[in-house]
Each structure stands twice: as structure tokens, then as C-alpha cells.
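Scroll down for the structure; my scribbles are underneath it.
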Number of protein chains: 2
Amino acid sequence: MEVSGREMESQNNRGEFRPDLIIKGGTVLTMVQGQSPLHDAKVLISDGKITDILDADDHWYDRPEAGTEIIDAKDAIIMPGIINCHTHLAMTLFRGFADDLPLREWLFEKIFPLEAKVLNPETVYWGSLLGCLELIASGVTCFADGYFFEEATLKAVQKAGLRSLLSQGVIDFAAPGVDDPRKNLIHARNFIERYSGLSKLIRPGIFCHSALTCSGSTLQGAWEISLEFDVPLQIHLSETKEEVDEIMAKSGQRPVFYLDELGILDQNLIAAHSIYLDKNEINCLKQRDVKIVHVPESNMKLGCGIARISEMIRIGLQPGLGTDGCSSNNNLDMFQEMDSAAKLSKVAELDPVGLTAKNVLEMATIWGAGILGLQDQIGSIEKGKQADIIVIDLNSPHLCPMYDPASILVYSANGSDVKDVIVNGKILMKDRRFMTLDSAQIMEKARELGGKIIRA
Amino acid sequence: MEVSGREMESQNNRGEFRPDLIIKGGTVLTMVQGQSPLHDAKVLISDGKITDILDADDHWYDRPEAGTEIIDAKDAIIMPGIINCHTHLAMTLFRGFADDLPLREWLFEKIFPLEAKVLNPETVYWGSLLGCLELIASGVTCFADGYFFEEATLKAVQKAGLRSLLSQGVIDFAAPGVDDPRKNLIHARNFIERYSGLSKLIRPGIFCHSALTCSGSTLQGAWEISLEFDVPLQIHLSETKEEVDEIMAKSGQRPVFYLDELGILDQNLIAAHSIYLDKNEINCLKQRDVKIVHVPESNMKLGCGIARISEMIRIGLQPGLGTDGCSSNNNLDMFQEMDSAAKLSKVAELDPVGLTAKNVLEMATIWGAGILGLQDQIGSIEKGKQADIIVIDLNSPHLCPMYDPASILVYSANGSDVKDVIVNGKILMKDRRFMTLDSAQIMEKARELGGKIIRA
């Protein structure tokens with residue numbers, strides 16, 4: 001299309017930013033409350049930030065200057081990068097190692113012994129790299145992780161270029177990498193101290209496994225560390241009926257009130273699963289501004305139960321969405337997770353209206369940003385926000401025709417439909433080619449380690 | 001690898017079949033009861049049939065003759081083609097047209113009026129072609145369809161080269177294409193008479209919408225036609241609580257016993273959904289050898305309920321698996337459907353052991369073949385069976401590493417991981433290129449028709 005003299009002039013005079021990256025030609029789903037999808041639009045990016053969103057009639061930058069990188073989004077959806085609010089990335093190496101087992105047998109006879117045997121900085125590093133590959137390949141630009149040897153995960157994530165909250169795991173057993181359980185808290189504090197403020201993209205945090213596997217004083221110690229450094233404290237909350245029963249037997253209170261009495265419920269607490277909560281507990285979590293993460297596929301696969309997410313949303317909570325680790329899902333595909341979240345809620349309540357496509361898209365983007373305290377930086381496509389953006393290719397039979405972008409993304413797409421991934425203005429995947437990671441090398445190494453794991 | 005003189009001799013003298021197609025180098029999951037996966041194996045195909053399965057040590061045909069087609073399955077799984085036992089293919093054109101609505105509003109205010117307005121042989125033909133593209137792209141080689149203008153679907157499926165049961169829809173309203181409801185049965189009978197025995201791959205059938213929308217005499221008339229031509233009769237059974245209540249109000253009996261009294265329960269009846277069944281009804285269906293199809297994602301999305309599939313399997317039933325049409329799922333991806341089936345059963349029963357990866361793979365292959373009366377022809381990779389085979393590429397981060405093929409296929413893969421699709425020895429997709437259909441033309445036409453539908 002010809003650009004008129006007036007438009008060229010406008011181009012030259014307009015604003016202070018010269019874009020270094022332009023995503024053009026697609027349907028932009030901004031995820032800003034109340035905004036309709038923009039068709040045939042352009043997103044301009046400069047120095048890691050979104051500087052403009054132009055609609056079809058705005059021909060500014062139809063002819064970009066030499067050196068401006070272009071991503072073609074014709075027949076595609078442009079949307080904020082997906083945020084996975086709960087995973088254990090290194091466990092990607094254990095994908096499918098143990099399935100279809102009773103929960104206790106799975107955890108105590110398979111996963112914990114396996115971790116004790118094979119976890120070390122090397123396996124965590126390569127497992128995390130494999131996880132990063134999968135996250136990027138399926139459109140995740142930011143995630144919250146909690147595991148052991150978190151420094152090895154940090155190195156992998158830095159290489160990948162993803163945005164993340166990385167939390168060192170704390171448990172009252174001899175954790176992998178820490179011989180004496182009493183040192184777990186110190187170990188986590190050292191990790192946070194070392195990496196606080198060191199990276200624009202990576203924030204350190206602390207992760208207590210659960211209120212069953214951590215004592216009250218461990219939980220309080222972790223909370224003090226989270227307060228000291230103003231970083232999130234992640235925890236698994238009321239994931240199983242047995243967990244609730246045991247905590248009630250030991251404390252005489254339902255888990256949320258037990259944690260409240262310990263004084264650790266605040267805006268820095270991220271509570272994953274949150275299945276077995278009664279009305280009073282949900283209200284208490286809301287009052288204390290605790291962040292809730294829904295993990296539907298893992299909850300289904302382990303036969304744990306169904307969180308009352310649409311009820312939480314109705315009273316004003318804005319939960320995030322997570323996949324959990326690959327030993328209980330068994331992938332990191334947030335598009336499938338959105339689909340499962342919506343469908344599971346509908347069948348659990350026998351109400352097809354309860355949790356909508358729009359709700360679960362919010363959970364996976366702007367609400368997820370809020371869970372991680374990043375709602376001013378990411379989660380939507382808006383001028384001034386960080387450029388964490390993905391492009392979804394619609395040129396597949398299963399995405400055709402498109403009546404409504406939200407519906408296509410949630411109910412029809414899968415992670416493999418993601419074409420381009422941008423974090424902080426940097427392209428991590430272009431036309432499904434990885435730009436920061438060597439996928440062949442990582443998968444070869446993962447297969448080699450997998451062979452050792454099966455013989456361990 | 002060098003082939004020795006003795007092996008060459010063996011090659012020349014062995015058997016009567018010269019393969020015209022060889023799939024080589026992959027892990028073969030035969031789906032034959034008790035057989036372990038074969039690694040680095042070869043499947044030989046001649047004249048539409050499987051003539052041999054060779055393990056890694058068998059070097060027969062390492063050097064195929066000129067003209068033999070080769071499919072490379074290195075780093076891939078070779079398995080029987082997936083069987084989708086319940087769909088309404090032409091509705092692929094309505095994917096995402098109406099979501100997140102109460103069931104009655106969805107059906108009576110959106111879908112039925114839409115069908116009355118836009119259904120004609122042209123929309124059904126192109127909707128079916130779009131559906132065929134999606135089925136092939138996601139590894140389905142055989143499916144059961146029930147809809148209106150079924151002759152138009154038949155033309156599309158013939159062009160695609162898929163195996164199928166295609167059933168003309170019967171309902172006691174003025175159905176699309178038939179002005180007078182009394183003519184629906186005659187119309188269906190004519191369709192079956194015309195296409196019985198005409199095609200090796202396509203079998204005609206009859207599809208009664210439900211025991212609510214078809215009277216007792218219509219159901220008996222349909223059953224007589226199914227008896228006359230020995231073809232399946234498909235029906236939606238006890239999909240919603242309301243349906244059960246209304247049938248009980250009108251007949252005084254639970255739906256299965258109402259149908260039994262009509263005399264239509266036999267081995268030709270295929271009952272999709274089958275959610276609200278009590279123990280006696282399940283036993284009755286088993287006694288009468290009625291075929292049951294589980295449709296979990298549609299049941300979730302429409303908020304209908306959860307079928308007691310693992311209980312049915314425990315008493316010896318072998319259900320099939322189906323996606324339903326794209327207006328209630330919203331895709332035809334049977335890999336996601338297997339995942340959902342297993343996970344939904346586990347969470348519904350709070351038992352992670354109930355429905356296993358192996359179970360749902362059987363539902364989607366050998367049991368599905370049994371539902372359609374084709375268990376001697378398809379559903380497993382065995383010498384003498386029809387060559388309906390697919391190859392799944394494992395070269396993706398989300399399928400790495402692989403400890404167990406069944407786990408990877410059910411819990412980690414999606415339809416887009418399918419690389420090659422073979423039906424009756426003919427390649428329908430090779431390296432994700434469609435061999436029988438023009439995908440660009442079909443998607444363009446679907447988008448054009450979608451534009452008209454949204455304005456209708």
C-alpha cells in the first residue's frame with residue numbers, strides 16, 4: 001500500500017519512539033478490560049516496551065525504516081504472552097515417569113525416591129532447559145517455579161530469556177541438595193539475597209512445599225524471609241482431602257485458619273491448588289489479599305479434586321492458572337490448561353455459563369500478572385507495558401473458521417499453534433524456530449538423562 | 001546397515017507379498033492385548049493390508065525394491081489410526097459460533113435456528129471437507145458421523161479417503177432438507193439403500209437424534225431399517241438430567257428401559273453420551289450388547305455431566321470415544337479427548353487409578369473398532385488387518401523424554417503431533433502435507449461461508 005506524503009510526515013513527527021520491532025497484520029487481543037479485538041492491527045515495540053498499537057486505518061510505519069524487525073501476523077492472533085503461575089520446571093525431565101498410580105504411591109514410592117536419587121544441579125539444569133523449550137514453544141512468556149537446586153534452574157531460564165519468579169524449595173525433610181533440613185531456610189534466604197535485583201526478568205522467591213511437610217515455625221521463617229526481601233512465598237494449599245484432615249487433626253483448624261494464626265497470610269503468599277476450601281476460608285484468603293492459582297489438569301490427573309474457581313471469581317478474586325510439573329499433567333501446555341479449566345468448571349457445576357473463555361484467558365494473562373505482582377508491567381498489550389507478546393497462527397484446519405478470538409484460543413487451539421514468542425521485546429521463537437536455545441542439543445541431552453533415570 | 005547375502009536371499013524367498021509401502025524405524029504400539037511396544041520396527045503394507053511387522057533384528061526389506069514407498073518413522077510412534085466414534089462433521093463450520101451459554105439457549109436459540117437458516121448441501125459439503133482436513137491432521141482414520149444432508153458429507157469423505165460410518169439424521173421436527181418430518185425415515189432409508197455396499201470404506205447408517213426428539217414409533221421405524229440393512233443405528237442417550245426426567249415423565253421408565261420396551265436395544269445400537277444411567281441400565285445395555293460411546297469434552301463444555309466409564313469398563317463393557325461436533329467441544333482432536341477422558345474419570349472418582357492411559361488408548365483404537373463392528377478389520381496393527389496407521393513425531397519438547405509410549409500419547413501429545421496418516425494403505429497425509437485434499441482452498445471456502453453464517 002502506498003504511503004502518502006502526509007502520512008510520511010506524520011510518521012516522521014510522531015512520538016519519540018522509533019520501533020525496533022513491529023508485529024503487523026493480525027487480530028490484536030489486548031486483554032484490556034472492555035476493549036474489542038483490533039483487526040489488521042500493528043503493535044510497535046521499542047527498547048523492550050510496547051510503544052503503540054495501531055489499527056488498520058493507521059498507516060504510520062507501513063514502511064518501516066531499514067533495520068526494524070518485522071513479525072508478520074497475517075491470519076494470526078496477537079496477544080499478551082501466557083503466564084504459567086505454577087510449575088516445577090526441572091520435573092519436565094520426569095514427564096510420564098509414573099502415571100495412573102494412587103497419589104501416595106506416586107509421591108512417596110516414585111517421585112520422592114526418584115528425586116533423592118537423580119536430582120543434582122546437572123539434571124535440574126537440563127530439565128529446566130527442556131521445560132524452557134516447551135514453555136516457549138507453547139507461548140508462555142512468564143512463569144512461577146518452585147523446586148530444589150533453583151540456582152541451576154535460574155541459569156537455564158537466563159539462557160532462555162524468559163520472565164519468571166524462581167523460588168527455592170523448603171521442606172522439613174532432607175531436601176535434595178541440602179543434607180540438614182534445618183538449613184533449608186538459610187539456603188533459600190541465601191538464594192534470594194544473591195539474586196534479588198540482579199536481573200530485570202528474573203525475581204527470586206521462596207517455596208514451602210505445604211503446611212503438612214513444613215512445620216509452623218518453618219512456615220513462619222519462610223514468611224519472614226519473604227517479608228525481608230519483599231518477594232513472593234509460594235505454597236501448595238489444600239490440594240487433597242487427606243491434607244486437610246491431617247492439618248485439622250494436628251491444629252484443630254481448617255488449613256487457611258491454621259495459616260492465618262501463624263500470621264503468614266498476606267499479599268505475598270501464592271497458594272496453588274486451593275481445592276478443599278470452605279466459604280469462610282475463601283473469604284479469609286480474599287480479605288488477606290492472598291493470591292490463588294488454579295491447577296486443574298494436575299488436580300484431575302492425580303484425582304485430587306476440583307477447586308471452586310467460578311465461585312471465587314464471583315466474589316471478586318482473580319486467580320491465576322498453572323500447569324504444575326510434568327510428572328502430574330504431563331505437559332506445560334497452557335492452551336490445553338485453559339480449555340480444561342473452563343470445561344472442568346462447567347461440568348463440576350453442571351453450568352455451561354460459570355467459567356467462560358474470557359475468564360480463563362484473563363487467568364492466563366492479566367490476572368496471572370497480578371498473582372506475580374506484575375500487573376503494571378505485563379499481562380496485557382498496552383502502551384508502556386513490557387513487550388511480552390505471542391502470535392498464534394490460524395492457518396490450521398482446527399482453528400478455522402474464527403467467529404470469536406477468545407473461543408478459538410481457549411476451546412480449539414493448542415500450544416503448538418503458537419508461531420512467535422517475544423519477551424521484553426526480544427524474539428525467543430520466530431516461525432517456530434527457537435532463537436535463544438539449541439533445541440536439538442537439549443532434547444538429545446534430555447533423552448540421555450531420561451535413559452539414566454529409567455535405570456536409576 | 002549392510003544387508004548380508006543370506007538376508008537378501010531371505011528377502012527374496014519370504015512370503016507372497018511384496019510391500020508397496022513400508023513404515024520404518026519407529027516404536028510400534030500394536031494395541032494387541034499383551035504385546036509390548038516394538039522399537040526400531042517396520043510395518044509392511046501391501047494392497048491396503050498389513051502384511052508383516054518386523055522387529056529391529058529382522059533385516060528383511062532393509063533394502064526395498066524401487067517403487068516401494070517409504071515412510072520414515074525415526075523418533076516416532078507408529079500406531080493404529082484413531083477412531084472417533086461420535087461426531088457431526090459438517091458442524092465443524094460452526095466451531096465457536098456459540099459458547100458459554102445455558103444448554104437450552106445454546107441448542108434452541110442458537111444451533112437449531114442456525115441449522116434451519118444455513119444448512120444446505122453446499123454448507124454441509126464444505127463443513128464436512130473442513131472436518132475431514134481436521135480429522136486427518138490429528139490422526140483420525142475412521143469416524144462415525146450423524147447429521148443431515150448426509151449425502152453431501154459422503155461426497156466430502158469419499159474425496160478425503162477416510163473410513164467412516166455415515167448416518168442420515170432423523171428427528172420429529174422438519175429437519176434441514178426434509179420439509180415433512182414424516183418423510184425423515186424414508187429419506188434415511190433411501191440414503192442407506194443407495195450407499196449400502198457401494199464403498200469399501202464408507203458404510204451408511206441411521207441416526208436418531210434422541211428419545212426425546214424422536215417418538216417411540218420413529219425409533220422403532222429406524223430400528224427396523226437398521227435391521228433390514230444390518231447397519232448401525234446411532235442415538236444420543238441420557239445426555240442430560242432433564243432428558244431423563246422428561247422421558248420418565250412421559251414413559252414412567254428410565255430411558256434405557258423405555259428403549260428396551262420399544263425393542264430397539266441390540267448390537268447395532270450405538271449410544272453416545274450415556275451419562276445418566278443407573279446400575280440396572282448399564283447392566284441392561286451390556287446384556288443387549290449395545291455399543292456405548294464416551295464424549296467427555298462435549299459433556300464438560302455443555303455442563304451435562306460425567307459418564308461412569310471406568311465402572312462400565314470394570315463390568316466388561318468396551319466403550320468407544322468421540323469428540324462430538326465442533327459446536328460443543330470445539331475441535332476434533334482425539335488426543336486431547338483421550339487426555340480429558342482419563343483425567344475427568346480420575347477426578348470424578350477421586351481415584352487416579354480408575355481410567356488409565358492404556359484404557360483410553362483402547363477406547364480410541366481397538367474398542368472403537370468394536371463399536372463400529374470393524375474389530376476384525378481395523379483398530380490394531382496386526383498381520384492381515386487393513387492398513388489404517390498413523391505416525392506421531394516425537395521431535396518436540398513436549399514429547400521428550402519418552403519413558404512410556406502410552407503415557408506420551410495420552411497425557412502429553414496433541415493432534416498436531418501426527419506426522420503421517422494412512423487409510424487402507426493409502427497415504428492421506430505425509431510429513432503434515434495433505435495428499436487428497438486442498439487445504440488452502442477448503443479453509444478459504446470455510447472462512448467465506450463463516451462470514452455468511454455470522455451475518456445470517
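Per residue of A:446-455, other chain Cβ atoms within 10 Å of the residue Cβ number 2 on average. Couplings for the range B:444-452, taken from phi via the Karplus curve 6.51 cos²θ - 1.76 cosθ + 1.60 with θ = phi - 60°, read 4, 5, 5, 5, 4, 5, x, x, 5 Hz in order; Gly and Pro are left as x. Summing both sides, the accessible surface hidden between B and A at a 1.4 Å probe radius is close to 4900 Å². If you line up the long axis of helix A:216-229 against the longest principal axis of chain A, both from Cα atoms, how many degrees apart are they, to the nearest 10? It works out to around 30 degrees.
For A:C326, the amide hydrogen comes within under 5 Å of the amide hydrogens of A:H88, A:M91, A:T92, counting only partners 5 or more places away or on other chains and with H modelled in the peptide plane. Across the identical copies, the label point of A:S36 (7 Å from Cα in the Cβ direction) is separated from its matches by 6.2 nm, in order from shortest.
Quick check on the range B:82-371: take the gyration tensor over C-alpha atoms, sort the square-rooted eigenvalues as a ≥ b ≥ c, and tell me if it's rounded (a/c under 1.5), prolate or oblate. Rounded, since a/c falls under 1.5.
On a 0 to 90° scale, report how tilted helix A:121-137 is relative to the longest principal axis of chain A, with both axes built from alpha carbons and the result rounded to the nearest 10. So the inclination is approximately 40 degrees. For B:M435, the residues whose modelled amide H falls within less than 5 Å of its own, excluding neighbours fewer than 5 places apart on the same chain, are B:M429, B:K430.
Reported to the nearest whole Å, the Cα centre-to-centre distance from the range B:382-452 to the range B:271-302 is 28. Looking at the square roots a ≥ b ≥ c of the eigenvalues of the Cα gyration tensor of the protein assembly as shown, which shape do they give, rounded for a/c under 1.5, prolate if a/b is larger than b/c, or oblate? Rounded, since a/c falls under 1.5. Distances, shortest first, from the label point of B:K200 to those at the same position in the other copies read 6.3 nm; the point lies 7 Å along Cα to C-beta.
Along Cα-to-Cβ, 7 Å out, sits the label point; list in nm, shortest first, how far the one on B:L262 is from those in the other copies. Result, one decimal in nm: 5.9. Rolled with a 1.4 Å probe across the full set of protein chains, the surface gives A:F434 an accessible area near 50 Å².
For the range B:385-439, a simple Cβ point-charge model (Lys and Arg +1, Asp and Glu -1, everything else neutral) yields a dipole of about 160 debye relative to the Cα centre.
Applying a DSSP loop filter and a limit of 16 other Cβ atoms within 10 Å to the trypsin sites (Lys or Arg not before Pro) in the range B:73-133 leaves B:K74. Take A:K155: with every protein chain present and a 1.4 Å probe, its accessible area is about 120 Å².
Let me make sure I get this right: for the range A:263-373, a, b and c are the square roots of the gyration tensor eigenvalues over alpha carbons, sorted descending. Under 1.5 in a/c it's rounded, otherwise prolate if a/b > b/c, else oblate. Which is it? Note, shape of the range A:263-373 comes out rounded. Hydrodynamic radius of the range B:13-103 by the Kirkwood approach over all distinct alpha-carbon pairs: 15.9 Å. Of all aspartates and glutamates in the structure, those lying under 13 Å Cα to Cα from B:K358, and not within fewer than 8 positions of it along the same chain, are A:D99, A:D100, B:D339, B:D404. Counted without the sites themselves, the longest stretch of chain A free of GluC sites (Glu not before Pro) in a DSSP loop having at most 13 other beta carbon atoms within 10 Å is A:66-456. Rolling a 1.4 Å probe over the protein heavy atoms of the range A:215-369, with every protein chain left in place, gives an accessible area that is 49 percent carbon and sulfur.
Pairs exceeding a 18 Å alpha-carbon distance, out of B:K159/B:K426; B:K155/B:K445; B:K42/B:K419; A:K159/A:K426; A:K155/A:K419; A:K117/A:K452: A:K155/A:K419.
Against chain B, whose longest principal axis is taken from its Cα atoms, helix B:334-349 shows a tilt of about 60°. Between A:K49 and A:A387, the built amide H atoms are under 5 Å apart, and every one of these is 5 or more places off in sequence or on another chain. Using a probe of 1.4 angstrom and keeping all protein chains present, the accessible surface of the protein assembly as shown works out to 35 square angstrom per residue. Per residue of peptide A:97-103, the mean number of Cβ atoms on other chains within 10 Å of the residue Cβ is 6.
For the range B:364-404, heavy-atom accessible area (probe 1.4 Å) falls by no less than 20 Å² from the chain alone to the full protein assembly at B:N395, B:P397, B:H398, B:C400, B:P401, B:Y403.
Can you put B:R314, B:R433 in order of accessible area, largest first, using a 1.4 Å probe? Spell out each step's value before the answer.
On the way: B:R314 160, B:R433 135 Å².
Listed by decreasing accessible area, they come as B:R314, B:R433.
For the range B:196-202, the Karplus equation 6.51 cos²θ - 1.76 cosθ + 1.60, evaluated at θ = phi - 60°, returns couplings of 5, x, 7, 10, 5, 9, 10 Hz by residue, with Gly and Pro reported as x.
Excluding same-chain residues fewer than 8 positions from B:K279, which lysines have a Cα within less than 19 Å of its Cα? The reachable lysines, counting only those whose Cα sits under 19 Å from B:K279, are B:K241, B:K291.
Within a 10 angstrom radius of each residue's Cβ in A:320-330, how many Cβ atoms of other chains show up on average? Whole number is fine. Can you show the working numbers first?
Numbers: counts 0, 0, 0, 0, 0, 0, 3, 0, 2, 4, 10.
Mean partner shielding for this stretch: 2.
For the range B:281-296, 3J(HN,Hα) computed residue by residue from phi via the Karplus equation (6.51, -1.76, 1.60; θ = phi - 60°) reads 5, 4, 4, 4, 4, 5, 4, 7, 6, 5, 8, 10, 10, 8, 10, x Hz, glycine and proline entered as x.
The values are calculated or read from the model by the stated rules, or taken from the named source; none is laboratory data. Quick caveat: nothing in here was measured; it's all calculated off a predicted structure. In this analysis, Cβ positions are derived from the backbone assuming ideal geometry, glycine residues included, and neighbour counts consider all displayed protein chains. Please note that ligands, DNA and RNA were not included when accessible areas were found on the heavy atoms of the full protein model with its side chains. Shrake-Rupley method; radii C 1.70, N 1.55, O 1.52, S 1.80 Å.
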